[in-house]
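Chemist: Please find one structure pasted underneath; my questions will follow.
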Amino acid sequence: MATLARLRSNLPRKVPLARAVQTAADSTRLAQDASHDKPFTVKLHEDSFRAYQTEAPSLEVEVTKDGLLGMYKDMQTMRRMEMAADAMYKQKLIRGFCHLAIGQEAVSVGLERGIVKDDKVITAYRCHPFAVLRGGSITGVLGELLGRQAGMSNGKGGSMHIFTPTFFGGNGIVGAQVPVGAGIAFAQKYREQPLATYALYGDGASNQGQVFEAYNMAKLWNLPCVFVCENNKYGMGTSAERSSQNTEYFTRGDKIPGIQANGMDVIAVMKAVQHTREWVTSGNGPILLEFVTYRYGGHSMSDPGTTYRTRDEIQQMRSTQDAIRGLARYIEEWGLASEEDLKKIDKEAKSTVDAAVEEAKASPVPLEKDLWTDIYYKGTEPPFMRGREREEIHYY
Amino acid sequence: MFAPSSLARLSRRSVATFKAKLQSARRWESTAGTEAPPAGGHSPSIATSSFLRQTRDNSLRTPDIRWADEDHAGPPSNALAGRETRKMNLYQAVRDAMSIALTKDDSAVVFGEDVAFGGVFRCTMGLAEEFGRERVFNTPLTEQGIAGFGIGIASMGQTAIAEIQFADYIYPAFDQLVNEAAKFNFRSGGNFDVGGLTIRCPSMSVGHGALYHSQSPEGFFMGAAGLKASLVAHFDVPPHTLTPTQIVIPRSPIQAKGLLLSAIRDPNPVIFMEPKILYRSSVEQVPIDDYEIPLGRAETLIHGSDLTVLTWGTPVYSCETAIHMLANPPETIARHVPEPFRKAKIELIDLRTILPWDVETVTESVKRTGRLVIVHEASKTGGVGSEIAAELQKRCFLKLDAPVKRVTGWDTPVGMSYEKFYIPDSVRILDAMVETLSY
């Protein structure tokens, strides 16, 4: 690395974010008086979006009190769930791999609010919130992390392997989910369903060759696929600037247009998702969508997250650009709910997660017979499988 | 790598190459009736093989055949009246199978490099015209992408029939096949499967394919299946239970059609490797009805009691020749074949499915004969033969009269000029049989 550092030019390094979208979580303003029972319009900061070969989404967004409070509750609950996973990992109840999305809640919650139920989502290993929001349950996710029967894959997958009928999983191999997403979008188009597929990956995965293979096929066949780059600025322990010749990930699709959006303001996320969904379901082919976001924790539980960035940087993001605080501020400033009301929601989120933790912990480990299930498609198993010792033979 | 749209160029360019360098390959590519039997003897070759079924009746009585329109609950009816056959070579049989799949299953799509105008080996000839370019379409040169894309389609419950233009190009897709396709059902707790996925690829040597057009990569997937099986870590898992990904290699047109239809309909992802030299050189009367031949079952082609020869794909025919040579050695090599061995009864088994492989049939045979020769084109180290030999020595240890012998490609790349010497030909197989019989 020392050699590489010497090779780098002496020009001052580009200051990150100098030209990017702004990532404040609390820069949205009311465009009209807020209402408790009717939808009202708010205006996003003018630097919330950047566009490549297309128009940026409009800055005006229609929201409702219920919608905003719902998003607040979801974000708070997702953060609580991830914190619970963090605690259980540190207690050695969860073993193996565990990638938490603390700090990135606006992306998962905003995405869910911008799409419809039957749209499809596939992502990488930072997948827990998506799995819950796409129809799973907190108990199901935590149970899976613990390797219990209550887990969404019956405790046999673990952290990266959680599925619902419209969520095609966390995927452990960096970038491998992206061409799979293109295939899912193809199937939707083949069936003439007016639906979108959201294929998510990180800034690290965007340098994988197969991501570009997927872009190419999707544009070639105009598939209704939104390629979403969750740019949290670090691919594992390497910053975007150190890994990518072009850190403007929304411009990497060549002839595929792209949108870059503030991934810390959940209203901007929702707007960007609505905009891209409209784009792909109107037959315009794929589009890239980059969310500039930030993860507070390390890449995984084995990464303290402070060896390649300063504690000050993390602290500054937490204190000034936190997505949940930003939304809380809107809700309070616009007079939709009081601080006490929000505290009540916080408490509810905590007790929901606490109950799920207990439920997951109480769930038994998979039965011995489950060792033999799902290896082959049901009904096509071989006559028997041998077990752990000579006499242990399972007959299907 | 053959670029897409290079079919025309390929054939133009190839004419000179074929003529200049590949006299031997031309012999391989001959079909019955178009050329005189090879000079110098009466050894069977692929043109005269007794394993190729040339009459309607013989074809319809292919063992293990399951007619799609028959009720399989009861005993087989053996009613063959009204069933027709047509003379086809292997690529036509493959096309026929895909045509049936596309006709009967609206969700089926066929895609790959150049498939819309027939593919380099013509396996998809006319399918795009017949079923539309929405269902039969060309992909970019993007093997990893093709595999991932196919997995996506299959995970939506559709039937995805993907072609990797040559098995040699399957390596970029290795991750998608091993990490995504093979594990999808398990890691989703059975919520999703990609059983609708079938990956077809031309495999094995063609006489002049050289480094990147003659490989037999089936063994890599068998080993990778071990990775899959590491999920059930320290269990002593018998080889036929390793993974839901299946690897199938047919030897003839009838086999290709039935096995491919089974592969397409099997609810587990299947890698289907077609021996490319057999595309044109193997010709049979193939039933035109929809039928399947079950996966995971070996077929005993010749019954014997003294030695078992196990193989799959192209070498089936070299083994047939070698067995014939053992009984009637040509004068030039007769002195190397001791008189008593000429009466040896050799059993020949076509494994057909590499994973899960038919361990029962092979074990039963080796227990009877006490001797086993495994023949495959891939190189020896880490090949499929290693796995089979290890399992068989364990299961048949006290019944073995000789060490298990492997006749394989060498542990080298497949050199252009040396391809004839790379593949396990009938003389090397004969030598191995003599060695094993005289142990």
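The values are calculated or read from the model by the stated rules, or taken from the named source; none is laboratory data. Source: prediction; values computed, not measured. Cβ sites come from the backbone with ideal geometry, for glycine too, and all protein chains shown count toward neighbours. Please note that ligands, DNA and RNA were not included when accessible areas were found on the heavy atoms of the full protein model with its side chains. Shrake-Rupley method; radii C 1.70, N 1.55, O 1.52, S 1.80 Å.
Chemist: Need the list of lysines near residue A:90 for cross-linking: C-alpha distance under 17 angstrom, and skip anything on the same chain fewer than eight residues off.
Modeler: A:361
Chemist: What average number of partner chain Cβ atoms lie no more than 10 Å from the Cβ of the residues making up A:378-384?
Modeler: Values: counts 4, 1, 8, 3, 7, 3, 3.
Shielding by partners across A:378-384 averages 4.
Chemist: Keeping every protein chain in place, order A:391, A:381 by accessible area at 1.4 Å, biggest value first, i.e. largest first. Mind showing how you got there, number by number?
Modeler: Values: A:391 145, A:381 55 Å².
Heavy-atom accessible area, descending, gives A:391, A:381.
Chemist: Leaving out same-chain residues fewer than 8 places away, which lysines sit with a Cα under 16 Å from that of residue A:347?
Modeler: Within the straight-line limit of under 16 Å, residue A:347 reaches these lysines: A:73.
Chemist: For the stretch A:45-111 and the stretch B:355-407, what is the separation of their Cα centres, given in Å?
Modeler: Using only Cα atoms to place each centre, the spacing works out to 56 Å.
Chemist: Once you place label points 7 Å from the Cα toward the Cβ at residue A:362 and residue B:418, how far apart are they in nm?
Modeler: Result for the modelled spin labels: 6.9 nm.
Chemist: Per residue of A:210-217, what is the mean number of Cβ atoms on other protein chains within 10 angstrom of that residue's Cβ? Intermediate results must be reported in sequence, preceding the final value.
Modeler: Numbers: counts 11, 1, 2, 12, 6, 1, 5, 8.
Across the residues of A:210-217, the mean count of other-chain Cβ atoms within 10 Å is 6.
Chemist: Kindly write out, for the stretch A:240-247 in residue order, the coupling ³J(HN,Hα) from the Karplus curve 6.51 cos²θ - 1.76 cosθ + 1.60 (θ = phi - 60°), rounded to whole Hz, with x marking Gly and Pro.
Modeler: Working through the residues one at a time gives 3, 5, 7, 10, 10, 5, 10, 8 Hz.
Chemist: Taking chain A as the reference, fit the longest principal axis to its C-alpha atoms, fit the long axis of helix A:177-190 to the helix C-alpha atoms, and give the angle between the two in degrees, 0 to 90, nearest 10.
Modeler: 80 degrees
Chemist: Something else about it: Could you give each residue of the stretch B:174-191 its phi-based ³J(HN,Hα) in whole Hz, using Karplus coefficients 6.51, -1.76, 1.60 with θ = phi - 60°, and x for Gly or Pro?
Modeler: Once θ is set to phi - 60°, the couplings for the stretch B:174-191 become 4, 4, 4, 6, 7, 8, 9, 4, 5, 9, 4, 5, 5, 6, 9, x, x, 5 Hz.
Chemist: When the Cα atoms of the stretch A:143-252 are enclosed in a convex hull and the volume is divided per residue, what value in Å³ results?
Modeler: Values: hull volume 11.9 nm³, N = 110.
Per residue, the Cα convex hull of the stretch A:143-252 comes to 108 Å³.
Chemist: Name the residues whose placed amide hydrogens come within less than 5 Å of the amide hydrogen of residue B:246, ignoring near sequence neighbours (fewer than 5 apart) on the same chain.
Modeler: B:270, B:271
Chemist: Could I ask something else about it? Using only the Cα atoms of the stretch A:19-392, what are the Rg and Dmax in Å?
Modeler: 20.8, 75
Chemist: Using θ = phi - 60° and the Karplus relation 6.51 cos²θ - 1.76 cosθ + 1.60, list the HN-Hα couplings for the stretch A:278-291 in order, rounded to whole Hz, with x at every Gly or Pro.
Modeler: Each residue of the stretch A:278-291 in turn: 4, 4, 6, 7, 8, x, 8, x, x, 8, 9, 9, 10, 9 Hz.
Chemist: Arranged from highest to lowest average of other beta-carbon atoms within 10 Å per residue, in what order do the peptides B:306-315, A:90-99, B:205-214 appear?
Modeler: Numbers: B:306-315: 27.3, A:90-99: 15.0, B:205-214: 20.3.
In decreasing order of mean packing, B:306-315, A:90-99, B:205-214 become B:306-315, B:205-214, A:90-99.
Chemist: Mind checking which of A:293, A:75, A:178 is farthest towards the positive end of the stretch A:19-392's charge dipole, using Cβ charges of +1 (Lys, Arg) and -1 (Asp, Glu) about the Cα centre?
Modeler: A:178
Chemist: Sticking with this one: Give the cross-link partners of residue B:345 among the lysines, using a straight C-alpha distance below 23 Å as the criterion and excluding same-chain residues fewer than 8 apart.
Modeler: B:367, B:399, B:405
Chemist: Sequence gap at least 6, Cα distance under 8 Å: using those rules, report the relative contact order of the stretch B:296-363 to the nearest whole percent.
Modeler: On the way: 97 pairs, mean separation 41.3, N = 68.
The value is 61 percent.
Chemist: Okay, moving on. Counting pairs of alpha carbon atoms under 8 Å apart in space and at least six apart in sequence, what relative contact order in percent does the stretch A:127-196 give?
Modeler: Values: 89 pairs, mean separation 14.8, N = 70.
So the answer I get is 21 percent.
Chemist: Further question on the same structure: Let me have the relative contact order for chain A, percent, based on Cα pairs under 8 Å that are six or more residues apart.
Modeler: Details: 775 pairs, mean separation 83.8, N = 396.
Reported as a whole number, the value is 21 percent.
Chemist: Then there is this: Counting partner chain Cβ atoms within 10 Å of every residue's Cβ in A:160-169, what's the average? Don't skip to the end; give the middle numbers.
Modeler: Values: counts 1, 7, 4, 8, 3, 2, 0, 2, 8, 7.
Averaged over the peptide's residues, the number is 4.
Chemist: Can you tell me what the convex hull of the Cα atoms of the stretch B:274-368 projects to on average, as an area in nm²? Write out the running numbers ahead of the final one.
Modeler: Values: hull surface 31.9 nm².
For the stretch B:274-368, averaging the hull's shadow over all directions gives 8.0 nm².
Chemist: I've got another one for you. What residues have an amide H closer than 5 Å to that of residue B:87, excluding those fewer than 5 places away on the same chain, when H is modeled at 1.01 Å from N in the peptide plane?
Modeler: Close amide H contacts, sequence-distant or interchain: B:286.
Chemist: Cα axis of helix A:65-90 to longest principal axis of chain A: angle in degrees, 0 to 90, nearest 10?
Modeler: Value to nearest ten degrees: 50.
Chemist: Just how many % of Cα pairs in the protein assembly as shown lie over 47 Å apart, if you round to the nearest whole percent? Can you show the working numbers first?
Modeler: Numbers: 107789 of 348195 pairs.
Roughly 31 percent, once rounded to a whole number.
Chemist: How high is the FRET efficiency between residue A:303 and residue A:394 when r is their beta carbon distance and R₀ equals 51 Å, given to the nearest 0.05?
Modeler: Numbers: r = 39 Å, r/R0 = 0.76.
About 0.85, to the nearest 0.05.
Chemist: Once amide H atoms are placed 1.01 Å from N in the peptide plane, what residues at a sequence separation of 5 or more from residue B:308, or on another chain, have their amide H within under 5 Å of its amide H?
Modeler: For residue B:308, the qualifying residues are B:347, B:371, B:372, B:373.
Chemist: Another one. Roughly what would the spin-label model give for residue B:431 and residue A:95, points 7 Å off Cα along C-beta, in nm?
Modeler: 5.2 nm
Chemist: To the nearest 10 degrees, how steep is helix A:105-114 against the longest Cα principal axis of chain A, on a 0 to 90 scale?
Modeler: That works out to roughly 90 degrees.
Chemist: On to the next question. At a Förster radius of 25 Å, what calculated FRET efficiency corresponds to the Cβ-Cβ distance of residue B:72 and residue B:364, to the nearest 0.05? Provide the component values of the computation, followed by the final result.
Modeler: Numbers: r = 24 Å, r/R0 = 0.97.
The value I calculate is 0.55.
Chemist: What FRET efficiency, computed as 1/(1 + (r/R0)^6) with R0 = 35 Å and r the Cβ-Cβ distance, is obtained for residue B:50 and residue B:339, rounded to the nearest 0.05? Don't jump to the answer; show the numbers that get you there.
Modeler: Numbers: r = 25 Å, r/R0 = 0.71.
Plugging the Cβ-Cβ distance into 1/(1 + (r/R0)^6) gives 0.90.
Chemist: What ranking, highest mean first, results for peptides A:286-293, A:348-355, A:243-250 when packing means the other Cβ atoms within 10 Å averaged over each residue?
Modeler: On the way: A:286-293: 27.9, A:348-355: 15.6, A:243-250: 17.9.
Highest mean packing first, the order is A:286-293, A:243-250, A:348-355.
Chemist: Still on this model: If you bin every alpha carbon distance in the stretch B:63-218 into 10 Å steps from zero, what whole percent lands in each bin?
Modeler: In order of increasing distance, the bins hold 10, 33, 33, 19, 4 percent.
Chemist: Okay, moving on. Starting from one equal scatterer on each C-alpha and no solvent at all, send me the Debye-based log10 I(q)/I(0) for the stretch A:47-157 at q = 0.17, 0.20 Å⁻¹, two decimals.
Modeler: Debye output, listed in q order: -0.88, -1.11.
Chemist: Something else now. Suppose accessible area is computed on protein heavy atoms with a 1.4 Å probe; arrange A:309, B:95, B:61 from highest to lowest.
Modeler: Values: A:309 15, B:95 55, B:61 130 Å².
Result of the area sort, largest leading: B:61, B:95, A:309.
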